[in-house]
Every structure is written in structure tokens, then in C-alpha cells.
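A quick write-up on the structure given underneath.
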Amino acid sequence: MTKVLILGTGFGQLPLINACKEMDIETVGFDRNSDSLGAGLVDKFYEIDIIESAEICKIAQQEGIDGAVTMQTDAPVPTLGKLNDELGLTGVSEHTALACSNKNLTREILSLANVLQPKYVLVNTMIDAKAALENIGYPCVIKAPDSSGSRGITKLNSITDFDIGYEQAKLYSGSGVIIIEEFIEGTEIGAQTFSENGECLHCLIHNDSLSEGEYMVPTGHSYPLNEPSIDQEIVKNEIFKALKALGLKNGPANVDLIVTDDGRPFIIEIGARAGATCLPELTSLYTGFDWTKMIIMNCLGNKQSEIESIERPCAAVILQSPRDGVFKGYNLDFSETEYENYLVNVEITAEPGDLVSELRKGTDRIGKVVTTGTTSLDAEKKATEIAKKIVIEV
């Protein structure tokens, strides 16, 4: 029986676990949390931290796995790269995994390849950070280079924002290094790519929505792109340059971009895995083929066919707590028949008694709404309407 190793058994890995079950594939899961949502769903579970690459590689060899996957988080990607290299599996290499999981390495590699990206400075201390601000100017973005889920990312509009931004970046920086980047004015968009043997088979560009305020957290996505002024071929060409520079030859990638008013696409981040915030589900809905199962088939070395997308307009918005506190429950202030032609899914992931907080990072979300529509704007409107009618009790 085919056996796939899944790095992480938390909420973000549930689509992989469920897809493997549908494909009659045996699953071996690794997570430091034995109470994680997927720990009891995989066929065999190991209570091991996903960053313990040497130990996981040893067990993977003993288990005789045929492929390894993860999705929606950067933390296990370096371990995934090491597994692929040591066991000769299809997927991201360790070199590429490390480059994509550390924003300062990403910046250095893209710079050598002349890929459009923001000006940046790497700093280690508060004194260096304040000096860098004079060089970069306001507004700018301060980041932890080795975190994921929008942790440690803050937009600084003036020096008054510095202390909180610096604290957040330091808190989530494992290396102690901080990046200060130029803030690019323009339209925030994203892309989900899928490559095979060095060829990008799919480059799907979507709309992004971000939270207001200093914390730059994605709050939703939609397909297809609703910005007619953006030349998608120019955007794709810059993405292809970045994929090649970083060595993303097999499997998915998640790309964040900002396109300026004069049409230049700046690469903000690239993750060597599928995107989060409902993107695997949305991408499947938009294209008509199962994005998660494609990722699994790729890790097993199975060649994919170039399927044409059906391009169904769709959108997702996340649900968030109105304040910090304890989640009590929720009420749906609408009839599902009211939106039966548009509503795909409403999901609340928080349980009564859970500690919840305002949206400061991606993992603070407590649910989602997924819709279709006649256009991406129509789908976004429906998703937002429904989300506003879900009353969260804290």
C-alpha cells in the first residue's frame, strides 16, 4: 500500500489527511501535539516536533514511505526538503526549502536574479533598525525573516509605530535577525503555482484582502483576478523568474505580490507549499480539479496532465473574534436557503471555552465562509454579507 508522510497534523494538514483517505493512501503523521486535530486521523502518529528533521528522516526510512507532504505553513518545509533529499523523493529540495523559509535568504537569491522586490535591510539590534529606517523611509514593513502565518510582520507609518513593530519582529525571529523593507504602494495580489520537473504547469493569480491596521494579515482571497489594469503575463513572467531562481521545480508554491500603478509586479514572499487562508479549497473550486490531490500525486512522483481550468468565480473570507477573550459560541443570523445558490461552506473552528484573540496573525482566525458568484467581486460581496451575519460570542 502506498504510504505518505505528513508533516504536521494540525488544522492546516486536514485536507491532506482527508484526501489521502479518499485515495486509499496510508498516512504517517508527525506533530509535537498529540491532541492536534489530525493526530487521531492518520494511520500512524509520531509525537515528534516537525522541525526534528534528523529523527523524522530516520523513522521515514524505517517506515518505507513513498512521499512526503505538508501545506499551509512554512515551519515544516525545511524538514520536508531534507526528507526529499535523503530519501530521493519528489518535491522541494532542502536548499530551496531553506531559501523559501527564510525571508533574508529569499531576498538575497531574488536580488542576484534581478527579480523585482522591495528594497531591504537586515538588522540585528534596535540601533541598527532605527538607522535602517532612515535609509528605507516611511511607510515601511518590519518582519521576522523565519516565521510564518503573518507572525512578526508590522507596517510602520512613522517612528511612533516602531516599538510595537520591533517587539513583534523580535518575538517571532528565531535567528534574532530582522528585515526592514520598503513598503510598495500598489495592489496586493497572490498566486498559486504548481510545477513539475522544472516546468510551471499552473500559475493561478488571485485577489487578496488584508486586515486594516498595523498587522498585515490575510483576511480573504478570490478568483479570478478582478483588476483589468494588471497585465497577468507580466506578473507571471516575474513569478517564473522567481521560481527558477529559488529552484522551485516540483510541487506547489504560494506567492505574494504587490503590483504598482505603473504595472510592475514586486515579489513580496514565496512559500514552498500551498497557500493558507482557504486557498487550497478555493483553488480547487476555481479550477475544477482537486489541488490537494495533485500535490499528493506529485510527491509520489506521478506525472500530472495539464488540465484546463473551468474558472468558476469564488471567494473566501475568514471569521475572526471581535476581541480577546473566551469563545462562547456563535449564531447564524440568516437562513442558509437565502444563499443556497452561492454558499459553499461556513465553518467555525473555535470550540466553546477556547481562548481567542483579535486578528494579529493568520492562526487567530476562528472560521471561514466560502462562496461562489457570477464574478469574483460578486462572490466576495456574498461572502462578506454572510460573515457579517455570523454573530461571534466572546
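The values are calculated or read from the model by the stated rules, or taken from the named source; none is laboratory data. Because the structure is a prediction, the values reported are computed rather than measured. Quick reminder, even Gly has a Cβ in these numbers, built from the backbone with ideal geometry, and neighbours come from all protein chains shown. Each accessible area value is taken on the protein alone, full model and side chains, heavy atoms only, with ligands, DNA and RNA left out. Shrake-Rupley method; radii C 1.70, N 1.55, O 1.52, S 1.80 Å.
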A student applying the Cα gyration tensor rule (rounded when a/c is under 1.5; otherwise prolate if a/b is larger than b/c, oblate if not) would label segment 295-394 oblate
Which of (1) 66, 49, 36; (2) 62, 53, 48; (3) 59, 52, 44 is the computed Cα extents along the principal axes in Å? It is (3)
In whole Hz, the Karplus estimates of ³J(HN,Hα) for segment 284-292 (6.51, -1.76, 1.60; θ = phi - 60°; x where Gly or Pro) are 5, 5, 5, 8, x, 10, 6, 5, 5
Within segment 347-394, DSSP-loop GluC sites (Glu not before Pro) with at most 16 other C-beta atoms within 10 Å are Glu358
SASA check, Asp85, accessible area w/ 1.4 Å probe, all protein chains in place, rounded to nearest 10 Å², comes out at 80 Å²
XL table Lys143/Lys328; Lys82/Lys103; Lys119/Lys236; Lys44/Lys82; Lys293/Lys361; Lys58/Lys303; Cα-Cα > 25 Å flagged, in table order, is Lys143/Lys328; Lys293/Lys361; Lys58/Lys303
With all protein chains present, the chain has a carbon and sulfur share of its accessible area (1.4 Å probe) in percent of 46 percent
Taking only protein heavy atoms and a 1.4 Å probe, the highest-to-lowest accessible-area order of Arg107, Arg365, Arg360 is Arg360, Arg365, Arg107
Of Ser173, Ser158, ordered by accessible area with the largest first and a 1.4 Å probe, the sequence is Ser158, Ser173
Computed about the Cα centre, the charge dipole of the chain from +1 Lys/Arg and -1 Asp/Glu charges at the Cβ has a magnitude in debye, to the nearest 20, of 440 debye
Packing-ranked peptide list from 266-275, 227-236, highest mean Cβ count within 10 angstrom first, is 266-275, 227-236
Net charge near Met23 (other residues with Cβ under 14 Å of its Cβ; Lys, Arg +1; Asp, Glu -1) is -3
With all protein chains in place and a 1.4 Å probe, Asp24 shows an accessible area in Å² (nearest 10) of 110 Å²
Scalar couplings 3J(HN,Hα) for segment 232-245 by Karplus 6.51 cos²θ - 1.76 cosθ + 1.60 (θ = phi - 60°), nearest whole Hz, x for Gly and Pro, are 5, 5, 5, 4, 4, 4, 5, 5, 4, 4, 5, 4, 5, 4
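If you place +1 on the Cβ of every Lys and Arg, -1 on the Cβ of every Asp and Glu, and leave all else neutral, what size is the dipole of segment 1-136 about its Cα centre, to the nearest 20 Debye?
Rounded to the nearest 20 debye, it is 480 debye.
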Length gained if Ile234 through Ile127 is fully extended, taking 0.36 nm per residue and subtracting the Cα-Cα distance, is 34.6 nm
Taking only protein heavy atoms and a 1.4 Å probe, the highest-to-lowest accessible-area order of Met297, Met71, Met1 is Met1, Met297, Met71
With the charge dipole of the chain built from beta-carbon charges (+1 for Lys and Arg, -1 for Asp and Glu) about the Cα centre, the Cα from Val317, Asn254, Ala60 projecting farthest to the positive end belongs to Ala60
Summing -39500 (n - 2.57) over every DSSP H run of at least 4 in the chain, dividing by its residue total and rounding to the nearest 500, the 222 nm mean residue ellipticity is -9000 deg cm²/dmol
